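Asks: Please find one structure pasted underneath; my questions will follow.
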Amino acid sequence: MGAYIVRRLIQSAVLVFLVASFMAIFIQLLPGDPAYTILGDKASPERAAAVRKQLGLDRPIYVQYADWIGNVARGNFGNSLISDRPILNDLAKRLPRTIELIVASMILAIVVGIPLGVIAANYRNQMPDILVSIISLLGVSTPVFVSGTLLLLVFGVRWQILPATGYVSITENPLGHLEHLLMPAVTLALLEAAVILRMTRSSLLEVLSEDYVRTARAKGLGQRIVLYQHALRNALIPVVTIIGIQAGTLLGGTVIVEYIFNWPGVSTYLLAAINQRDYPVIQAIILIIATLFVLLNLVTDLVYAAIDPRIKYG
Amino acid sequence: MSETQSQSPQPVEPRRFAMSRRSVLRLGIAAVAATSVGSLMAACGSSSDNSTSASTASSGGGSASTAAASASSGSGSASGTPSGSGSSTSEPSNVVKGGELKWALSSDPPNQDPHISTGTAARAVKIAIYNRLARYWTKGEVAPDLATKWDISTDGLTYTFTLVDTTFHDGTPFTADDVKASIERIQDPKVGATQSDQMKPITSVTASDPRTAVFKLSKPAAALISVLALPECAIVSKKFLDGGGDPNKTMMGTGPFKFVSREPGVNVVVQKNDKFFREGMPYLDKITYLPYQNEDTRVAALKSGDVDIAEYIPWKDMDSIDKSNDLNLITTKGSSFMLLIYNTKQKPFDDAKVRHALGYAFDRDSIVQAAFFGRGEIITGGLITEDSWAYDAKLKDYYSYDPDKAKQLLTEAGQDPKSMKLTLMSTGQYGMHQSTGEVCQKNLQDLGIDCKLDLFDWATEVKKHTEGDYQFRVQGTSPDFPDPDYLTTFLYSTAVSQSRDSLSDQQIDQWLDEARQETDQAKRKELYNQIEERAAEIAPYTLLCWRDDGYGTRKTVQGFEVLPRMNVFQSPNTLEQVWLKKS
């Protein structure tokens, strides 16, 4: 197992290196010029050229790339081309907010998705199952930008029972922080919960038809014990996998959710950086997202092995 | 993930991984808890970022200064003493002092340097913190700011500014040396200041005494005061600069509000300057600026009460804000204009007759409807508007929407519309640019022209147009200041970014130079009229429409005024007189 983890970590490092290198080189091939973001579009080409020189963007791409890789290896992501602030400082503030959003929505999705999935399986083809299936179908088929905008307009603008937009630091106002977190987290959780619910339902139904469940019932065990102690545990294995896969999808979903709710996480930072062609910021964020994604996959695989005694990695 | 799928389960092997399922569960819970704690710690760390020491604000008593005098633009008057009140009126009797205003910015300010313009959002913050020698006020006039008055010598080569007695936010007294240091910084090519070209005629700034700054010019510059009143000519502290201070990192001026903190992407906080030189002002204790990149979210924040003022209201939302019981929509007519710019280095636009013909091809009313929901005015003549002293009614209906005439003129120019292939460049990032492009494309297709519309993201579009890599393109822009000297920015053959590939006309260059150096307003008017007429004739661009722009506010916001026309985004000049009515 140890050797497996080491091997996977090495593979992950190579993968992240490749993604980062690919981005670092190809991002500069995008048309656009950060000098005009800094100077405005009325600037003369001469002044823009002077700014590019000052920023070191006039050097060949491979020199810039080597320079960047060298700095990153020393833990230095450099400064934003536009704001001249250290990227690491900005990331240190923004990344936890995005992770918080993902974790909060994940918890919400699990807390809602698994019990509803169990109910649906338990009352297969009866009214509760049909109701839950309709809800999950709505959840899966509603795009995040639609559900997010609807929530915002209904709860934030029409009824004004929740803050529509923005962010409050948890140290400044813990309750306000949670209020601001609620709608973005629910928006992200809707999609996730629907997927978890469907997976729980189908997996549980499959397990409930297994021989050992029939045996348990034949022994005279009650439905609750059969369901929760015998069937659910085994049914949860694919659910855990899907949660792991979904965590990666959520990372993508935050781009839209953060944009709609003005949540100052890493995704809004990335969007602004792409619009402004702030190359080092884009590179740093891609590097971090790639690392997170690869690690998440690794952790999911390991959890899978841990939860299912039949699986081992050698 | 591929690993999970490719490894086949091996049912009978003993488990090598020695964790029980229960411990995995526990580990999961611990991980969730750790994430929350991590985010909590990060939040703790961030709250003190960038903060400077700020004294607690107290609601200062006293009445507002009421030194009212007539304000004038100063342009053209050979030895005028344009004086006037920087501040508008006496304090309204019902003013409620104190409180916090929340302002929705249209983006996170890209920089903090007052001498480099990076758009409306950054300006809104800088205006609250810095003063200029003069500033634009509510009727579009230039009013005194840090200079109480200025005298211009008859030859237009010496400007003498009399300065107010005040201090910077760090307590350093403001003197003429600060004016000198600020102008020299704007002139320094290393800084890359937005108005550096306009400061070129200034050969020296001397401080004849701490309250008097004297500018010497190499040649007259009729629009100098108009330029000095722009936010990008902010006065910064000499002591701060000499001490190695970087204005892009620390905002420190003499303005009504002083910088408290900035959390990138979250907010910028400024607090009342108790020692502000216009007595009794500002009324507010604090302004929190919140960046909203997404215009729909910005409008939702205003409607929900998350913010008190939102800038850059999208045209599609203007009606609903206007009709709301809780909100005010404050707009100005004609702040910016839309036009098509031709690349005269490429066929067929190297031929003035073709460009001229297309002046009749576009249905400007449809553009106003499609792009601005009816909130705009079509342009059929020149850029100098009726409210300017330089306006010439002769040009008013130079162009019209007349497809038949366009076709006929194209044929006369030796072009067959049915065999013409054109590519129009615009951006899909801003709705009004895209809609304008779509209407123009349709109008050309109606003439039988095969017109393709290329929509790029904004950064790509800017790169392409600055490099001349286009055939013709949609542009939306605004004059920098009301003086018609702004035409230089569009029409001059060398110093122009807007039309670098569109025009090089020596006659226009010569007239622009003459007009800039002319001190007699009547003669200047004549020159600008000639320039506009020639521009209409040789048509380096086709002017389409002016658009309205403005702000939305909660009804509790009092005293906020929108400056007319192109000065609209200097409306934060009135922040010092803003107060919040108890709702």
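Asks: Which of the residues that make up the stretch A:291-314 are facing another protein chain (nearest Cβ under 7 Å) and over 15 Å from residue A:237 (Cβ atoms)?
Replies: A:297, A:313
Asks: When you check residue A:56 against the structure, is it on the phi > 0 side of the Ramachandran plot, surrounded by fewer than 22 Cβ atoms within 10 Å (Cβ to Cβ) and away from chain B (no Cβ under 14 Å), yes or no?
Replies: Details: on the phi > 0 side of the Ramachandran plot: yes; surrounded by fewer than 22 Cβ atoms within 10 Å (Cβ to Cβ): yes; away from chain B (no Cβ under 14 Å): yes.
Answer is yes for this residue.
Asks: Can you confirm whether residue A:63 is within 14 Å of chain B (Cβ to nearest Cβ) and in a helix (DSSP H, G or I)?
Replies: Numbers: within 14 Å of chain B (Cβ to nearest Cβ): no; in a helix (DSSP H, G or I): yes.
No, not satisfied.
Asks: Return the residues of the stretch A:69-92 that are more than 8 Å from chain B (Cβ to nearest Cβ), surrounded by fewer than 17 Cβ atoms within 10 Å (Cβ to Cβ) and in a helix (DSSP H, G or I); say none if nothing qualifies.
Replies: Answer for the stretch A:69-92, where residues must be more than 8 Å from chain B (Cβ to nearest Cβ), surrounded by fewer than 17 Cβ atoms within 10 Å (Cβ to Cβ) and in a helix (DSSP H, G or I): A:69, A:70, A:71, A:73, A:88.
Asks: Now, a different point. Considering the stretch A:35-53 alone, what residues qualify as being at the interface with chain B (Cβ under 8 Å from one of its Cβ atoms) and of a type outside the set (Gly, Ala, Ser)? Walk me through it before giving the result.
Replies: Here is the first cut: in the stretch A:35-53, the residues at the interface with chain B (Cβ under 8 Å from one of its Cβ atoms) are A:36-45, A:47-48, A:50-51.
Matches in the stretch A:35-53: A:36, A:37, A:38, A:39, A:41, A:42, A:45, A:47, A:51.
Asks: Moving to a separate point now. Given the conditions (1) more than 19 Å from residue B:253 (Cβ to Cβ); (2) within 14 Å of chain A (Cβ to nearest Cβ); (3) surrounded by fewer than 19 Cβ atoms within 10 Å (Cβ to Cβ); (4) at pLDDT below 95, report the number of the one that residue B:192 does not fulfil.
Replies: Status for residue B:192: all satisfied but (3).
Asks: Got a number for residues in the stretch A:115-128 being open to solvent by less than 50 Å² (accessible area, probe 1.4 Å) and among the β-branched types (Val, Ile, Thr)?
Replies: 1
Asks: Out of all the residues in the stretch A:14-34, which are surrounded by fewer than 13 Cβ atoms within 10 Å (Cβ to Cβ) and either in contact with a His (Cβ under 7 Å, 6 or more places away or on another chain) or over 18 Å from residue A:280 (Cα atoms) (or both)?
Replies: Result: A:14, single match.
Asks: Hey, among the residues in the stretch B:467-487 that are open to solvent by 10 Å² or more (accessible area, probe 1.4 Å) and farther than 28 Å from residue B:526 by Cβ, which one's farthest from the other protein chains (Cβ to nearest Cβ)?
Replies: B:471
Asks: Something else now. Go through (1) crowded, with 16+ Cβ neighbours inside 10 Å; (2) in contact with a Leu (Cβ under 8 Å, 6 or more places away or on another chain) for residue A:157 and report which single condition fails.
Replies: (2)
Asks: Given the criterion free of Cβ contacts under 8 Å to residues at least 24 places away in the same chain, open to solvent by 50 Å² or more (accessible area, probe 1.4 Å) and under 16 Å from residue A:101 (Cβ atoms), identify the matching residue among A:150, A:162, A:182.
Replies: Working: A:150 fails: under 16 Å from residue A:101 (Cβ atoms); A:162 fails: open to solvent by 50 Å² or more (accessible area, probe 1.4 Å).
When all the criteria are applied, what remains is A:182.
Asks: Shifting gears a bit: Restricting to the stretch A:100-125, what's the tally of residues that are over 18 Å from residue B:263 (Cβ atoms) and either under 21 Å from the mean Cα position of the chain (by Cα) or at the interface with chain B (Cβ under 10 Å from one of its Cβ atoms) (or both)?
Replies: Quick first cut of the stretch A:100-125, residues over 18 Å from residue B:263 (Cβ atoms) only: A:102-125.
Those still in the list that are either under 21 Å from the mean Cα position of the chain (by Cα) or at the interface with chain B (Cβ under 10 Å from one of its Cβ atoms) (or both) too: A:102-114.
Selection size over the stretch A:100-125: 13.
Asks: Next question. What is the one condition in (1) outside any helix (DSSP H, G or I); (2) within 14 Å of chain A (Cβ to nearest Cβ); (3) under 25 Å from the mean Cα position of the chain (by Cα) that residue B:460 does not satisfy?
Replies: (1)
Asks: Of everything in the stretch A:244-268, what is among the hydroxyl-bearing types (Ser, Thr, Tyr), within 11 Å of chain B (Cβ to nearest Cβ) and open to solvent by 10 Å² or more (accessible area, probe 1.4 Å)? Give them in sequence order.
Replies: A:259, A:268
Asks: Could you please give the count of residues in the stretch B:103-119 that are within 13 Å of chain A (Cβ to nearest Cβ) and either in contact with a Leu (Cβ under 6 Å, 6 or more places away or on another chain) or open to solvent by less than 20 Å² (accessible area, probe 1.4 Å) (or both)?
Replies: Number satisfying all stated conditions: 10.
Asks: Regarding residue B:171, is this residue touching a strand residue (DSSP E or B) at 6+ places or on another chain (Cβ under 6 Å), of a type in the set (Gly, Ala, Ser) and surrounded by fewer than 22 Cβ atoms within 10 Å (Cβ to Cβ)? Walk me through it before giving the result.
Replies: Numbers: touching a strand residue (DSSP E or B) at 6+ places or on another chain (Cβ under 6 Å): no; of a type in the set (Gly, Ala, Ser): yes; surrounded by fewer than 22 Cβ atoms within 10 Å (Cβ to Cβ): yes.
For residue B:171, the condition - touching a strand residue (DSSP E or B) at 6+ places or on another chain (Cβ under 6 Å), of a type in the set (Gly, Ala, Ser) and surrounded by fewer than 22 Cβ atoms within 10 Å (Cβ to Cβ) - is not met.
To keep it simple, each residue is scored yes or no on (1) among the hydroxyl-bearing types (Ser, Thr, Tyr); (2) closer than 15 Å to residue B:122 by Cα; (3) open to solvent by less than 20 Å² (accessible area, probe 1.4 Å).
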| position | (1), (2), (3) |
| --- | --- |
| B:209 | no, no, no |
| B:215 | no, no, yes |
| B:238 | no, no, no |
| B:249 | no, yes, no |
| B:264 | no, yes, yes |
| B:268 | no, yes, yes |
| B:274 | no, no, no |
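Asks: Anything in the stretch A:4-13 that is open to solvent by 60 Å² or more (accessible area, probe 1.4 Å) and either of a type outside the set (A, V, I, L, M, F, W, C) or over 19 Å from residue A:300 (Cβ atoms) (or both)? List them, or say none.
Replies: A:7, A:11
Asks: Separate question: Give the stretch A:185-210 a look and list any residue that's buried (at least 22 other Cβ atoms within 10 Å of the Cβ), farther than 16 Å from residue A:130 by Cα and among the charged types (D, E, K, R), or say none.
Replies: A:192
Asks: Let me ask another. Would you mind finding the one in A:271, A:287, A:295, A:221 that is buried (at least 19 other Cβ atoms within 10 Å of the Cβ) and in contact with a helix residue (DSSP H, G or I) (Cβ under 8 Å, 6 or more places away or on another chain)?
Replies: Just one listed residue meets the conditions, A:287.
Asks: Those residues that are in contact (Cβ under 8 Å) with a residue 60 or more places away in the chain and out of contact with any strand residue (DSSP E or B) (no Cβ under 6 Å at 6 or more places or on another chain), I need them from the stretch B:363-379; list them, please.
Replies: Selection gives B:363, B:366, B:370, B:371.
Asks: Is it the case, given these coordinates, that residue A:229 is open to solvent by 60 Å² or more (accessible area, probe 1.4 Å), in a helix (DSSP H, G or I) and at pLDDT below 85?
Replies: Yes: the conditions hold for residue A:229.
Residues checked against (1) touching a residue at least 60 places away in the same chain (Cβ under 8 Å); (2) in contact with a Pro (Cβ under 8 Å, 6 or more places away or on another chain); (3) outside any loop (DSSP other than H, G, I, E, B):
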position: B:475; (1), (2), (3): yes, no, yes
position: B:482; (1), (2), (3): yes, no, no
position: B:486; (1), (2), (3): yes, yes, yes
position: B:507; (1), (2), (3): no, no, yes
position: B:513; (1), (2), (3): no, no, yes
position: B:534; (1), (2), (3): no, no, yes
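Asks: Shifting gears a bit: Which condition number in (1) closer than 30 Å to residue B:321 by Cα; (2) away from chain B (no Cβ under 11 Å) is the one that residue A:156 fails?
Replies: (2)
Asks: Which of the following residues is within 21 Å of residue B:353 (Cα to Cα), open to solvent by 10 Å² or more (accessible area, probe 1.4 Å) and more than 14 Å from chain A (Cβ to nearest Cβ): B:538, B:449, B:531?
Replies: B:538
Asks: With the requirement that a residue be crowded, with 21+ Cβ neighbours inside 10 Å, more than 16 Å from residue B:120 (Cβ to Cβ) and of a type outside the set (A, V, I, L, M), what does the stretch A:35-46 give you?
Replies: If the condition is that a residue be crowded, with 21+ Cβ neighbours inside 10 Å, more than 16 Å from residue B:120 (Cβ to Cβ) and of a type outside the set (A, V, I, L, M), then A:36 is the only one that fits.
Asks: So for the stretch A:93-114 (the condition being surrounded by fewer than 22 Cβ atoms within 10 Å (Cβ to Cβ), of a type in the set (Val, Ile, Thr) and closer than 27 Å to residue B:469 by Cβ), does at least one residue qualify?
Replies: The answer is no, given that none of the residues of the stretch A:93-114 is surrounded by fewer than 22 Cβ atoms within 10 Å (Cβ to Cβ), of a type in the set (Val, Ile, Thr) and closer than 27 Å to residue B:469 by Cβ.
The values are calculated or read from the model by the stated rules, or taken from the named source; none is laboratory data. From a predicted model like this one, the values you see are computed outputs, not experimental measurements. So basically every Cβ, Gly included, is an ideal-geometry build from the backbone, and we count neighbours across all protein chains shown. Each accessible area value is taken on the protein alone, full model and side chains, heavy atoms only, with ligands, DNA and RNA left out. Shrake-Rupley method; radii C 1.70, N 1.55, O 1.52, S 1.80 Å.
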